[in-house]
Amino acid sequence: MKTEIFERGILRSNGNASVSRRTLLQVGAGLFGTALLPGTINGALAEEHPPIGTYPAGSSGSSVFIGITVPRTGTYALQGEDELKGYELAVEHLNSGNELIKKISPKTTKGVLGKEVKFGVADSGAKPNEAVQAEQRFITENKAVLMTGSTSSAVAVALNKLAQREKVLYVAGISGSNDTTGKDCVRYGFRQCFYGQTAAAAIGPIVVKNFGKGKKAAYLTPDYTYGHTVTKSMQDYLATAGWTTATNQVAPLGAPDYSSYLLNIANSGADVLLNVNWGHDAVLSTQQAKQFGIFDKMKLVVPYQTPFLAREAGDSLLAGVYAATDFWWTLEDKYPLAKMFVEAFDKKYGYKPEWGANNAYMEFALWAEAVENAGTFYPPEVIKSYEAGRKIQSTVGEVYFRKEDHQLVRPVIIVKGKAPKDMKNKEDYYDVVEIVPGAGLMQKPDAFGCNLGDYT
């Protein structure tokens, strides 16, 4: 397959076929027109550490490279494109020394450790093998110092394993599975966003408060690590309030028709439908549930919110529906950094950011903070910088990484869908019901079997 690489406005072609599907490399310098910045780590300093992964080759010049894999086709494509916009804005802000980046990473001037940040983008199609092939190429050909992406937790888990094997840092994109920083955690992987356990612990009390104890729940679950762990987390929490599972319908990723699953749900006698599906699957299954008359006899809950779900599902299907999410743009009224982010994103892209874009932006900002405090791109030192537990200002308040499993300790946002008559503008889909602090939501670090592995 032909791969196109755009570098400082000059197109060159490469016939390498190692990445299947559509793969597009977009180098940050070409997109943003930033000037080359002088490096601050010279060869002598780099030689203080033994070579590992792409170090020191990846940071020996005036720039560093990040490999990004997001789904640009398939059932998660819309969310992948939103995520990519967050990454792009973060790179632009890093290279220009934007004030928002400086609020999160105070030691940043321009670039990271004075080096310009470039990046490449590949379409993963939400498929682990394609994401791994693309990132392996970024490592081999571009000496990537950081990998990111994933809108599917299956991709995140696969890239975790690649990161540990290749000794190249990976920061997860969107990944809701408990396993990402649980049994599949690695020393070289980090996650910013919320996940099944924290979603359940945050939204569970609100569900019980509003719908009562001893109810019957029906689950619509995508058949992979994200779906299974989110559903189990919800089942475990709701069981403490006497809830039982009337049915758990497990569907494949990208199912075109949910009729058979929804028929079983409709006949289950459940009081509440918890739709764990994500991306276009969440949209399609919610629309079809409406057609089956399911919402005439049971309530809908979204344990792990899909960006753009209210807009894409239409017909006010999310009005009155509770959902757990990572970020919602009206948090700008509470957090100054959220306001800065929302304004910058809206100015650049012409719409209010969804949580995927915010999560992506924060991943890069937090990585820069870790590198700047390490004073080097040497991976073990950057990892130890993450693990130091510094309190960092973010778009959802003060956050920090837990050293035992590399999970960010951060709040979960509970929202409730608005009816059209209550919307103040076309993007005002939700009210923020509660901001639940993260530390009290999280399982013990070893509860999901995390064993980080070695630094070298």
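The values are calculated or read from the model by the stated rules, or taken from the named source; none is laboratory data. Note that the coordinates shown come from a computational prediction; the quantities given were computed from them, not determined experimentally. So basically every Cβ, Gly included, is an ideal-geometry build from the backbone, and we count neighbours across all protein chains shown. For the accessible areas, the whole protein counts, side chains as well, though only heavy atoms, and no ligand, DNA or RNA atoms are used. Shrake-Rupley method; radii C 1.70, N 1.55, O 1.52, S 1.80 Å.
Per-structure values
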| item | result |
| --- | --- |
| Qualifying residue in the range 279-299 (condition: in contact with a His (Cβ under 9 Å, 6 or more places away or on another chain) and either under 30 Å from E398 (Cβ atoms) or modelled with pLDDT of 95 or more (or both)) | no |
| Every residue from the range 341-357 that is surrounded by fewer than 19 Cβ atoms within 10 Å (Cβ to Cβ) and assigned to a helix (DSSP H, G or I) | E343, A344, D346, K347, K348, Y349 |
| Any hit, the range 183-190, residues being surrounded by fewer than 24 Cβ atoms within 10 Å (Cβ to Cβ), under 23 Å from A324 (Cβ atoms) and in contact with a Cys (Cβ under 9 Å, 6 or more places away or on another chain) | yes |
| Tally of residues being within 19 Å of S394 (Cβ to Cβ) and open to solvent by 70 Å² or more (accessible area, probe 1.4 Å) across the range 103-119 | 3 |
| Every residue from the range 385-409 that is surrounded by fewer than 18 Cβ atoms within 10 Å (Cβ to Cβ), part of a loop (DSSP other than H, G, I, E, B) and not basic (K, R) | A388, G389, E404 |
| Test: residue in the range 410-433 that is in a loop (DSSP other than H, G, I, E, B), at pLDDT 95 or above, under 25 Å from T180 (Cα atoms) and not β-branched (V, I, T) | yes |
| Matching entry among G80, G97, G120 (being within 14 Å of A357 (Cα to Cα) and of a type in the set (G, A, S)) | G80 |
| Selection from the range 315-332 of residues that are more than 17 Å from the chain's Cα centre (by Cα) and not in a helix (DSSP H, G or I) | D315, S316, L317, L318, A319, G320, V321, Y322 |
| Hey, V415 in contact with a Ser or Thr (Cβ under 7 Å, 6 or more places away or on another chain), in contact (Cβ under 8 Å) with a residue 12 or more places away in the chain and open to solvent by 30 Å² or more (accessible area, probe 1.4 Å) or not | no |
| Of all residues making up the range 434-446, the number that are in a loop (DSSP other than H, G, I, E, B) and open to solvent by 60 Å² or more (accessible area, probe 1.4 Å) | 5 |
| Pairs with Cβ under 7 Å, 6+ apart, first in the range 381-394 and modelled with pLDDT under 95, second open to solvent by 70 Å² or more (accessible area, probe 1.4 Å) | none |
| Some residue of the range 182-205 being of a type in the set (V, I, T), more than 20 Å from E404 (Cβ to Cβ) and at pLDDT 95 or above | yes |
| Matching residues in the range 127-179 - criterion: being of a type in the set (G, A, S) and open to solvent by 10 Å² or more (accessible area, probe 1.4 Å) | A154, A158 |
| Test for T325: is it touching a strand residue (DSSP E or B) at 6+ places or on another chain (Cβ under 8 Å) and more than 30 Å from G111 (Cα to Cα) | yes |
| Among residues of the range 151-192, those that are among the hydroxyl-bearing types (S, T, Y) and farther than 24 Å from K384 by Cβ, counted | 4 |
| Qualifying residue in the range 320-337 (condition: in contact with a helix residue (DSSP H, G or I) (Cβ under 6 Å, 6 or more places away or on another chain), over 30 Å from K183 (Cα atoms) and open to solvent by 60 Å² or more (accessible area, probe 1.4 Å)) | no |
| Criterion violated by A199 - all others in (1) under 27 Å from Y87 (Cα atoms); (2) in contact with a Gly (Cβ under 9 Å, 6 or more places away or on another chain); (3) open to solvent by 10 Å² or more (accessible area, probe 1.4 Å); (4) touching a residue at least 60 places away in the same chain (Cβ under 8 Å) satisfied | (3) |
| Search result, residues across the range 358-377 that are surrounded by fewer than 24 Cβ atoms within 10 Å (Cβ to Cβ) and not in a helix (DSSP H, G or I) | G375, T376 |
| Residue list for the range 392-417, filter: more than 20 Å from A202 (Cβ to Cβ) and among the charged types (D, E, K, R) | K403, E404 |
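Conditions tested, residue by residue: (1) touching a Lys or Arg at 6+ places or on another chain (Cβ under 6 Å); (2) under 21 Å from A344 (Cβ atoms); (3) of a type in the set (K, R).
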residue	(1), (2), (3)
T73	no, no, no
G80	yes, yes, no
K85	no, yes, yes
V91	no, yes, no
P106	no, yes, no
E116	no, yes, no
A122	no, no, no
A134	no, no, no
L146	no, no, no
